[in-house]
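Some notes on the structure that comes next.
A short reminder: the numbers here are calculations on the coordinates, not readings from a lab. Just so we're clear, the structure is a prediction, and the values are computed from it rather than from any experiment. We place every Cβ from the backbone using ideal geometry, glycine too, and count neighbours over all the protein chains shown.
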There are 2 protein chains.
Amino acid sequence: MLLADIGNTHFHIYDGKKVEHLTYDDAIEKYRENELCYISVKHHLEVKIEKIKSWKNISKEMILEGAYDTMGVDRKALCLSHKDGLFVDAGSAITVDIMEDGVYRGGFILPGLKAYLESYRSISSVLDMDLNDKISLSTLPTTTKDGISYGIIASIKALIDKHSNGKKLYFTGGDGQLLANFFDDAIYNETLVFHGMLRALETK
Amino acid sequence: MLLADIGNTHFHIYDGKKVEHLTYDDAIEKYRENELCYISVKHHLEVKIEKIKSWKNISKEMILEGAYDTMGVDRKALCLSHKDGLFVDAGSAITVDIMEDGVYRGGFILPGLKAYLESYRSISSVLDMDLNDKISLSTLPTTTKDGISYGIIASIKALIDKHSNGKKLYFTGGDGQLLANFFDDAIYNETLVFHGMLRALETK
């Protein structure tokens, strides 16, 4: 059986070994005949997807104690992957969520790295920069490019550090590895959401 | 004599008592006959402004030891206002700069509050929220709106706190007061940039 996480920009499909990232149309064309369970935050796609008989929406089965009503189902699945820890999903947005003893304790949302850079760009052409993903966090920057890269990475890291309190840090998502590199002992795993989905199905 | 700080979106004009915020055209029309010294980050306006005989560009006189070449002249003026401290200018972008013994030590740049909110909005309509400017930073949020407001404010605060080290915290700019409210003993003063300009003129 395949598992799919339908996000804001892509389909992420897991076959039990590896994760494939596809556009909506490519995913539907390639896997429409396969048995597939999915969760989705892309509600306007559902009319199209619900016609596919071999696909099953398991969003309602992502039951997370302590979660709030409008919490994205992908965040719930991610939190269901482990009973304890701090979970970072760095995609188009960056979500940070805390789990303790199998209960959701809350979390916060930051723009994704691409959205941050776009944000500076929209303010002034002087702030139109690429990310320096090797930025040093041990010295204060003295250039605009480094001042922006430091602003993004160091502010995200400072807030995550504040909430870590010895918890394991789990990273996933397209920029998960990049961010995880700025932490000691961070765990990057692109299959965390799928493990949460499997756990939810197992404990039904 | 009037002082003007020409920013990314507005003219800010100081008469020694209060600060007036005007559009470019309104400022030029209202004050074109007055003696006025200005600094400007809006270079494409300069052709128009240089024709005004009673106005003087003093950007080159904002000489800050330790500053880098492309550092915005408004940031330099802000840092010139005091020999020591951490300086936050919360406008269309948020700049954070450190001064020690009259020497610039470096700084970083974050999106302005409006740019942050626009950034979430661009990711998904689900993340299209106003800022909760009374957000509690002592408990983890459990709603999307609070998760966004907390993400913005708490990440900015965490990084500023990390760099404060007992320094005085000076806030200025349109969102300066709003941000200053989240710090103990922060000083908000909308005339800091102008005091830096005056200091630079005095010590010439």
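The figures follow:
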| quantity | calculated |
| --- | --- |
| Most mobile of A:90, A:77, A:186 in a GNM of chain A (Cα contacts under 10 Å) | A:186 |
| Relative contact order [Cα under 8 Å, 6+ residues apart], chain A, whole percent | 20 percent |
| Residue of B:172, B:95, B:139 that the Gaussian network model of chain B assigns the largest fluctuation, springs spanning Cα pairs under 10 Å | B:139 |
| Pairwise centroid distance, computed over Cα atoms, of the range B:65-111 with the range A:144-172, Å | 22 Å |
| Residue-averaged beta-carbon neighbours from other chains (10 angstrom radius) around A:94-100 | 2 |
| Cβ-placed point charges (K, R +1; D, E -1), dipole of the range A:57-197 about Cα centre in debye, nearest 20 | 140 debye |
| Positive-end extreme of charge dipole, the range A:73-202 - chosen from A:159, A:174, A:144 (charges on Cβ) | A:159 |
| For chain B, calculated [θ]222 nm from helices alone, where every DSSP H run of n ≥ 4 adds -39500 (n - 2.57) | -9500 deg cm²/dmol |
| Amide N proximity, the range A:164-178 versus residue A:68 label position 7 Å along Cα-to-Cβ, cut-off under 20 Å | A:164 |
| Number of partner chain Cβ atoms within 10 Å, mean per residue of A:137-148 | 5 |
| In the range B:1-42, GluC sites (Glu not before Pro) in a DSSP loop with at most 12 other beta-carbon atoms within 10 Å | B:33, B:35 |
| Cβ-derived FRET efficiency at R0 41 Å, residue B:138 paired with residue B:203, nearest 0.05 | 0.40 |
| Rg and Dmax of the range B:95-193, Cα atoms only, in Å | 14.6, 47 |
| For chain A, built as a Gaussian network whose Cα springs stay under 10 Å, the top-fluctuating residue of A:82, A:163, A:43 | A:43 |
| Euclidean distance between Cα centres, the range B:19-58 to the range B:181-204, Å | 21 Å |
| Shielding of B:121-129 by partner chains, average beta-carbon count, 10 Å | 5 |
| Amide hydrogen neighbours beyond the local backbone of residue B:38, cut-off 5 Å, H modeled | B:4, B:56, B:57, B:58 |
